[in-house]
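The values are calculated or read from the model by the stated rules, or taken from the named source; none is laboratory data. Just so it is clear, the model here is predicted, and its values are computed rather than measured. Cβ placement follows ideal geometry from the backbone for every residue including glycine, while neighbour counts extend to all protein chains displayed. For accessibility, only protein heavy atoms count, side chains too; no ligands or nucleic acids. Shrake-Rupley method; radii C 1.70, N 1.55, O 1.52, S 1.80 Å.
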Amino acid sequence: MRPMRSFGGGGFGFMGVESMAAKLAIGLVAGSVLSLLLRPAGDLLLLSPEGVLSQLWLWQPFTYGFIERSPLGIIFGAMILYSIGGGLEMSWGPRRLLAVVWGGSVLAGLLTVAVSLFTRLPMGYTGGGVMTTLVWVTYGLSIGRAQSNFWGIPITGNVLAGIGAGFVLLNGLTAGWVSQIPELFALVIAFVASRGFNPRHLWLRVQHWRLQRQLRGRSRHLRVISEERPNDRYLN
(Lines give C-alpha, C1' and ligand atoms only; values in the text may rest on other atoms or scores of the structure.)
Protein backbone atom coordinates (compact mmCIF):
# COMPACT_ATOMS: atom_id res chain seq x y z
CA MET A 1 0.00 0.00 0.00
CA ARG A 2 1.39 3.37 -0.98
CA PRO A 3 1.72 6.08 1.65
CA MET A 4 -0.43 9.12 1.58
CA ARG A 5 1.08 11.94 -0.46
CA SER A 6 0.39 15.57 0.34
CA PHE A 7 0.31 18.76 -1.66
CA GLY A 8 0.76 21.99 0.22
CA GLY A 9 1.58 20.11 3.39
CA GLY A 10 5.04 18.75 2.70
CA GLY A 11 4.53 15.06 1.96
CA PHE A 12 6.32 14.97 -1.39
CA GLY A 13 9.93 14.15 -2.05
CA PHE A 14 12.43 16.79 -0.95
CA MET A 15 15.76 15.48 -2.14
CA GLY A 16 18.20 18.38 -1.85
CA VAL A 17 19.58 20.83 -4.38
CA GLU A 18 21.60 18.11 -6.11
CA SER A 19 18.43 16.30 -7.25
CA MET A 20 17.04 16.61 -10.77
CA ALA A 21 13.79 18.04 -9.38
CA ALA A 22 15.74 20.82 -7.68
CA LYS A 23 17.72 21.52 -10.85
CA LEU A 24 14.52 21.85 -12.86
CA ALA A 25 13.09 24.23 -10.26
CA ILE A 26 16.28 26.31 -10.19
CA GLY A 27 16.31 26.33 -13.99
CA LEU A 28 12.76 27.71 -14.06
CA VAL A 29 13.61 30.52 -11.65
CA ALA A 30 16.93 31.37 -13.32
CA GLY A 31 15.53 31.25 -16.84
CA SER A 32 12.52 33.37 -15.94
CA VAL A 33 14.59 36.03 -14.16
CA LEU A 34 17.13 36.10 -16.99
CA SER A 35 14.36 36.47 -19.56
CA LEU A 36 12.87 39.38 -17.62
CA LEU A 37 16.20 41.12 -17.13
CA LEU A 38 17.19 40.85 -20.80
CA ARG A 39 13.90 42.00 -22.31
CA PRO A 40 13.31 42.43 -25.21
CA ALA A 41 16.19 40.09 -26.09
CA GLY A 42 14.91 37.71 -23.41
CA ASP A 43 11.75 37.22 -25.44
CA LEU A 44 13.81 35.06 -27.80
CA LEU A 45 13.78 32.35 -25.12
CA LEU A 46 10.00 32.05 -25.42
CA LEU A 47 8.29 29.85 -28.00
CA SER A 48 7.21 31.66 -31.15
CA PRO A 49 6.03 29.00 -33.63
CA GLU A 50 6.25 31.36 -36.59
CA GLY A 51 9.75 32.38 -35.54
CA VAL A 52 10.85 28.76 -35.31
CA LEU A 53 9.65 28.10 -38.85
CA SER A 54 10.53 31.35 -40.62
CA GLN A 55 13.44 32.73 -38.58
CA LEU A 56 14.89 29.33 -37.60
CA TRP A 57 14.81 30.05 -33.86
CA LEU A 58 15.30 26.35 -33.34
CA TRP A 59 16.38 26.64 -29.70
CA GLN A 60 13.01 27.91 -28.52
CA PRO A 61 11.28 24.52 -28.00
CA PHE A 62 14.19 23.65 -25.69
CA THR A 63 14.23 26.92 -23.69
CA TYR A 64 10.62 28.06 -23.31
CA GLY A 65 9.91 25.44 -20.63
CA PHE A 66 12.15 27.32 -18.21
CA ILE A 67 10.36 30.64 -18.68
CA GLU A 68 7.47 32.14 -16.71
CA ARG A 69 6.54 35.80 -16.69
CA SER A 70 4.34 36.17 -13.59
CA PRO A 71 5.63 36.13 -10.00
CA LEU A 72 3.09 33.48 -8.97
CA GLY A 73 3.97 31.38 -12.00
CA ILE A 74 7.67 31.48 -11.13
CA ILE A 75 7.32 30.84 -7.38
CA PHE A 76 4.61 28.19 -7.44
CA GLY A 77 6.02 26.61 -10.58
CA ALA A 78 9.37 26.12 -8.86
CA MET A 79 7.67 24.74 -5.74
CA ILE A 80 5.66 22.23 -7.79
CA LEU A 81 8.69 21.10 -9.78
CA TYR A 82 10.73 20.63 -6.61
CA SER A 83 8.10 18.98 -4.40
CA ILE A 84 6.05 16.90 -6.80
CA GLY A 85 9.03 16.34 -9.06
CA GLY A 86 10.93 15.04 -6.03
CA GLY A 87 8.23 12.45 -5.45
CA LEU A 88 8.45 11.29 -9.05
CA GLU A 89 12.23 11.25 -8.94
CA MET A 90 12.21 8.90 -5.95
CA SER A 91 10.05 6.48 -7.95
CA TRP A 92 11.50 6.97 -11.43
CA GLY A 93 15.03 8.22 -11.01
CA PRO A 94 16.48 11.49 -12.36
CA ARG A 95 16.85 10.46 -16.00
CA ARG A 96 13.24 9.47 -16.50
CA LEU A 97 12.04 12.56 -14.64
CA LEU A 98 14.10 14.76 -16.97
CA ALA A 99 12.85 12.88 -20.03
CA VAL A 100 9.19 13.26 -19.05
CA VAL A 101 9.20 16.82 -17.66
CA TRP A 102 11.71 18.63 -19.86
CA GLY A 103 11.53 16.22 -22.80
CA GLY A 104 7.74 16.37 -22.64
CA SER A 105 7.80 20.17 -22.74
CA VAL A 106 10.08 20.04 -25.79
CA LEU A 107 7.69 17.62 -27.49
CA ALA A 108 4.71 19.84 -26.64
CA GLY A 109 6.58 22.80 -28.13
CA LEU A 110 7.36 20.92 -31.34
CA LEU A 111 3.73 19.83 -31.66
CA THR A 112 2.65 23.45 -31.17
CA VAL A 113 4.99 24.49 -33.98
CA ALA A 114 3.40 21.78 -36.14
CA VAL A 115 -0.07 23.21 -35.39
CA SER A 116 1.14 26.62 -36.63
CA LEU A 117 1.51 25.09 -40.09
CA PHE A 118 -2.29 25.01 -40.31
CA THR A 119 -3.34 28.09 -38.33
CA ARG A 120 -1.79 31.30 -37.10
CA LEU A 121 -0.67 31.16 -33.46
CA PRO A 122 0.39 33.95 -31.10
CA MET A 123 4.01 34.81 -30.42
CA GLY A 124 5.78 34.18 -27.13
CA TYR A 125 4.48 31.07 -25.37
CA THR A 126 5.91 30.57 -21.88
CA GLY A 127 6.52 26.97 -20.91
CA GLY A 128 6.81 26.94 -17.14
CA GLY A 129 3.16 25.97 -16.96
CA VAL A 130 3.81 23.16 -19.43
CA MET A 131 6.44 21.58 -17.17
CA THR A 132 4.36 22.02 -14.02
CA THR A 133 1.34 20.49 -15.78
CA LEU A 134 3.46 17.53 -16.83
CA VAL A 135 4.84 16.85 -13.37
CA TRP A 136 1.53 17.48 -11.55
CA VAL A 137 -0.77 15.41 -13.77
CA THR A 138 1.77 12.62 -14.30
CA TYR A 139 2.29 12.31 -10.55
CA GLY A 140 -1.43 12.16 -9.83
CA LEU A 141 -2.09 9.55 -12.50
CA SER A 142 0.93 7.50 -11.44
CA ILE A 143 -0.44 6.99 -7.91
CA GLY A 144 -4.00 6.53 -9.22
CA ARG A 145 -6.40 5.54 -6.45
CA ALA A 146 -3.81 5.88 -3.70
CA GLN A 147 -4.46 8.65 -1.21
CA SER A 148 -2.96 12.08 -1.62
CA ASN A 149 -3.53 15.37 0.13
CA PHE A 150 -4.32 18.73 -1.45
CA TRP A 151 -3.94 21.58 1.06
CA GLY A 152 -5.32 19.43 3.88
CA ILE A 153 -8.05 17.79 1.79
CA PRO A 154 -7.61 14.00 1.38
CA ILE A 155 -8.04 13.07 -2.27
CA THR A 156 -6.90 10.30 -4.59
CA GLY A 157 -4.12 10.71 -7.09
CA ASN A 158 -6.62 10.66 -9.95
CA VAL A 159 -8.48 13.60 -8.41
CA LEU A 160 -5.17 15.42 -7.93
CA ALA A 161 -4.44 14.91 -11.63
CA GLY A 162 -7.93 16.18 -12.44
CA ILE A 163 -7.26 19.37 -10.49
CA GLY A 164 -4.08 19.93 -12.48
CA ALA A 165 -5.96 19.39 -15.73
CA GLY A 166 -8.70 21.69 -14.45
CA PHE A 167 -6.26 24.60 -14.24
CA VAL A 168 -5.46 24.15 -17.91
CA LEU A 169 -9.13 24.00 -18.87
CA LEU A 170 -9.99 27.07 -16.80
CA ASN A 171 -7.14 29.02 -18.36
CA GLY A 172 -8.42 27.95 -21.76
CA LEU A 173 -11.89 29.26 -20.92
CA THR A 174 -10.60 32.59 -19.59
CA ALA A 175 -7.62 33.34 -21.84
CA GLY A 176 -8.60 31.37 -24.95
CA TRP A 177 -7.77 27.85 -26.07
CA VAL A 178 -5.07 29.02 -28.47
CA SER A 179 -3.03 30.25 -25.52
CA GLN A 180 -3.15 26.79 -23.94
CA ILE A 181 -2.10 24.63 -26.88
CA PRO A 182 1.24 23.54 -25.33
CA GLU A 183 -0.47 22.76 -22.02
CA LEU A 184 -3.15 20.72 -23.80
CA PHE A 185 -0.44 18.67 -25.48
CA ALA A 186 1.21 18.34 -22.06
CA LEU A 187 -1.96 16.70 -20.69
CA VAL A 188 -1.82 14.04 -23.39
CA ILE A 189 1.91 13.48 -22.84
CA ALA A 190 1.36 13.20 -19.07
CA PHE A 191 -1.30 10.54 -19.59
CA VAL A 192 0.99 8.52 -21.86
CA ALA A 193 3.98 8.92 -19.50
CA SER A 194 1.97 7.79 -16.49
CA ARG A 195 1.24 4.51 -18.31
CA GLY A 196 4.94 3.69 -18.35
CA PHE A 197 5.61 4.73 -21.93
CA ASN A 198 9.10 5.99 -22.74
CA PRO A 199 11.23 6.58 -25.86
CA ARG A 200 12.91 3.18 -25.43
CA HIS A 201 9.53 1.48 -25.74
CA LEU A 202 8.86 3.46 -28.91
CA TRP A 203 12.22 2.40 -30.36
CA LEU A 204 11.49 -1.25 -29.54
CA ARG A 205 8.10 -1.00 -31.23
CA VAL A 206 9.70 0.55 -34.34
CA GLN A 207 12.29 -2.23 -34.40
CA HIS A 208 9.57 -4.87 -34.04
CA TRP A 209 7.56 -3.28 -36.85
CA ARG A 210 10.61 -3.20 -39.17
CA LEU A 211 11.43 -6.83 -38.40
CA GLN A 212 7.87 -7.89 -39.14
CA ARG A 213 7.96 -6.05 -42.48
CA GLN A 214 11.25 -7.69 -43.43
CA LEU A 215 9.92 -11.13 -42.58
CA ARG A 216 6.73 -10.56 -44.56
CA GLY A 217 8.77 -9.30 -47.51
CA ARG A 218 11.00 -12.34 -47.51
CA SER A 219 8.06 -14.73 -47.17
CA ARG A 220 6.67 -13.50 -50.50
CA HIS A 221 9.67 -15.00 -52.31
CA LEU A 222 9.24 -18.42 -50.71
CA ARG A 223 7.29 -21.18 -52.42
CA VAL A 224 5.60 -24.10 -50.76
CA ILE A 225 7.21 -27.43 -51.72
CA SER A 226 4.72 -29.99 -52.95
CA GLU A 227 4.01 -32.76 -50.50
CA GLU A 228 3.91 -35.33 -53.32
CA ARG A 229 6.96 -37.57 -53.39
CA PRO A 230 8.95 -37.04 -56.60
CA ASN A 231 9.51 -39.89 -59.06
CA ASP A 232 12.93 -41.22 -58.01
CA ARG A 233 13.24 -44.13 -60.45
CA TYR A 234 15.83 -42.15 -62.42
CA LEU A 235 17.99 -41.46 -59.36
CA ASN A 236 19.52 -45.00 -59.29
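Summary table
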| item | result |
| --- | --- |
| Accessible area expressed per residue, the range 20-199, with surrounding protein chains retained (probe 1.4 Å, Å²) | 46 Å² |
| Candidates per GluC sites (Glu not before Pro) in the range 17-113, loop by DSSP, up to 14 other Cβ within 10 Å | Glu18 |
| Cleavage-rule hits, chymotrypsin sites (Phe, Trp or Tyr not before Pro), the range 115-200, DSSP coil, Cβ neighbours within 10 Å at most 14 | Phe118, Trp151, Phe197 |
| Nonlocal amide H pairs with Ser148, under 5 Å, H built at 1.01 Å | Arg5, Ile155, Thr156, Gly157 |
| Average projection area in nm² (convex hull over Cα atoms of the range 20-199, one quarter of hull surface) | 10.0 nm² |
| Positive-end residue, the range 20-199 charge dipole about Cα centroid, Cβ charges, pick of Phe185, Gly85, Met131 | Gly85 |
| Gyration tensor (alpha-carbon) shape descriptor, the range 154-197, a/c threshold 1.5 | oblate |
| Trypsin sites (Lys or Arg not before Pro) lying in DSSP loop within the range 49-127, provided at most 16 other Cβ fall within 10 Å | Arg69, Arg120 |
